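Each value in this text was obtained by applying a stated rule to the coordinates, not by laboratory testing. It should be emphasised that the depicted structure is a prediction, and the values quoted were computed from it without experimental measurement. Don't worry about glycine lacking a Cβ; one is built from the backbone with ideal geometry, like all the others, and counts go over all protein chains shown.
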Amino acid sequence: MLAEGIADHRPAERHRRIAGGFTQRVRGTKDWEAPSPVAGWTARDVVRHLVEWFPPFLAAGSGVELERGPSVDEDPVAAWETQSAAVQAILDDPATPQRLLANRHLGEIPLDQAIDRFYTSDVLMHTWDLARATGQDDRLDPAECAMLLAGMEPIEEAMRSSGQYGPRVSVPADADAQTQMLGFIGRDPFWTPA
């Protein structure tokens, strides 16, 4: 049993919690063409990003093929829910921690840890994007934000050089963990739709 107030960071439970939060925002989205905090992206594009980048990454590194739902253009809710359920099934499989994901940039990583580090963390970050774009609750778990920021800060140079993150946005020195994390990944924590 975990101490009260301490989030469960096992990959399966972390994904269940974080993907569940994203699912709530997906289901609550009324305007899929609403602009998002990611320049040039709509709410639909936030879901598209998660549904399109991860399956090829997973298949190339582990041979695992995710069940695919409809396209994000056809039905963004079903596209997301199909992928989320498929990832959860992988993480709930007791054999998954013994499997490896191999990547020329990352080496070999236990599959559950790779999903947790690269995909579940991405879902957390994009939960804010979708929530902010669609006027929903954009609060993220402060402990998750602090943990993510602590893990990213030592590898900032590599992250920035990947082209996947914009320049750091300045935030007040006493800002909360969510605001600091958002600024670190290149988001303006105070962004609102025009």
Legend entry - Among ALA146, ALA173, ALA12: highest mean-square fluctuation, GNM of the chain, C-alpha pairs under 10 Å: ALA173
Legend entry - Relative packing of peptides 118-124, 30-36 - highest average C-beta neighbours within 10 Å first: 118-124, 30-36
Inset, instruction - For n ≥ 4 DSSP H runs only, could you compute -39500 (n - 2.57) per run for the chain, divide by its residues and tell me the 222 nm figure to the nearest 500? - result: -16000 deg cm²/dmol
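What FRET efficiency would be calculated for the residue pair ARG104, LYS30, taking the C-beta separation as r and a Förster radius of 35 Å, to the nearest 0.05? Spell out each step's value before the answer.
Details: r = 42 Å, r/R0 = 1.19.
After rounding, the FRET efficiency stands at 0.25.
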Inset, instruction - Arrange the following residues from fewest to most other Cβ atoms within 10 Å of their Cβ: VAL87, VAL77, VAL38, VAL72. - result: VAL77, VAL38, VAL72, VAL87
Legend entry - Nonlocal amide H pairs with LEU100, under 5 Å, H built at 1.01 Å: LEU111
Legend entry - ARG68 versus SER162: modelled label distance in nm, points set 7 Å from Cα along the beta carbon direction: 2.4 nm
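Determine the equivalent ellipsoid of the stretch 140-189 by diagonalising the alpha-carbon gyration tensor, then write out the semi-axes as square roots of 5 times the eigenvalues, largest first, rounded to whole Å.
Numbers: eigenvalues 60, 31, 15 Å².
In descending order, the three semi-axes are 17, 12, 9 Å.
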Inset, instruction - Could you work out which residue, out of GLY163, GLY28, GLY151, moves most in a Gaussian network model of the chain, that is, has the largest mean-square fluctuation with Cα springs under 10 Å? - result: GLY163
Legend entry - Calculated P(r) tail over 17 Å for the stretch 48-142, as whole % of Cα pairs: 54 percent
Legend entry - Distance between the stretch 93-129 and the stretch 41-92 - C-alpha centres, whole angstrom: 14 Å
Inset, instruction - Give me the distance in nm between label points sitting 7 Å out from Cα along the Cα-to-Cβ direction at ARG10 and TRP53, one decimal. - result: 2.8 nm
Inset, instruction - Identify which of ARG132, ARG14, ARG104 has the largest mean-square fluctuation in a Gaussian network model of the chain, with springs joining Cα atoms closer than 10 Å. - result: ARG104
